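Student: The following block contains the structure, expressed as structure tokens.
The values are calculated or read from the model by the stated rules, or taken from the named source; none is laboratory data. All of these numbers come straight from a predicted model, not from anything done at the bench. A quick note on method: Cβ atoms are made from the backbone with ideal geometry, for glycine too, and the neighbour counts reach across all protein chains shown.
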Amino acid sequence: MLLIAWLSLLIWIVLLFARGGFWRAQAVPALSATTIHAVGNAEIARRGAWPGLVAVVPARNEADVIGRAVGSLLKQDYEGAFHVIVVDDHSSDGTAAVAVAAARAISVSKTVSRC
């Protein structure tokens, strides 16, 4: 028991004196919207297109909220390829059916499949 106490004390001493004042962290100033926009446009110009994104939504018995979640994701204004994958973990309340119905109601041009 005494060994654990000494070890704990040693760890705190190292953290306080040998780690450069980690506890005195300061907030990083936020970037302006102009800076973010300029950096984003430079990256798009470098790549030639918006990168593709995939949103993976794990769900189990979430039928009451999955429709809004899928709808919100599919309504995103994103220029690149964007896919939403709902992983239904053997729900007993029809989560997958609600997710598919929400996706079909919003997105006519996107493929909705069930595995």
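Student: For D64, indicate whether it is closer than 16 Å to A101 by Cβ and surrounded by 12 or more Cβ atoms within 10 Å (Cβ to Cβ).
Tutor: Answer is no for this residue.
Student: Between a residue in segment 40-52 that is among the aromatic types (F, W, Y) and any residue that is modelled with pLDDT of 70 or more and part of a loop (DSSP other than H, G, I, E, B), which pairs come within a Cβ distance under 6 Å, given they are 6 or more apart or on different chains?
Tutor: Listed pairs, sorted by first residue: W50/E79; W50/G80.
Student: Filter segment 36-83 down to the residues that are modelled with pLDDT of 85 or more and of a type in the set (K, R) and list them by number.
Tutor: Of everything in segment 36-83, those that are modelled with pLDDT of 85 or more and of a type in the set (K, R) turn out to be R60, R68, K75.
Student: If you check every pair at least six apart or on different chains, which have Cβ atoms under 8 Å apart with a residue in segment 4-17 that is surrounded by 10 or more Cβ atoms within 10 Å (Cβ to Cβ) first and a residue that is in a helix (DSSP H, G or I) and aromatic (F, W, Y) second?
Tutor: Note: pairs meeting the criteria are L15/F22.
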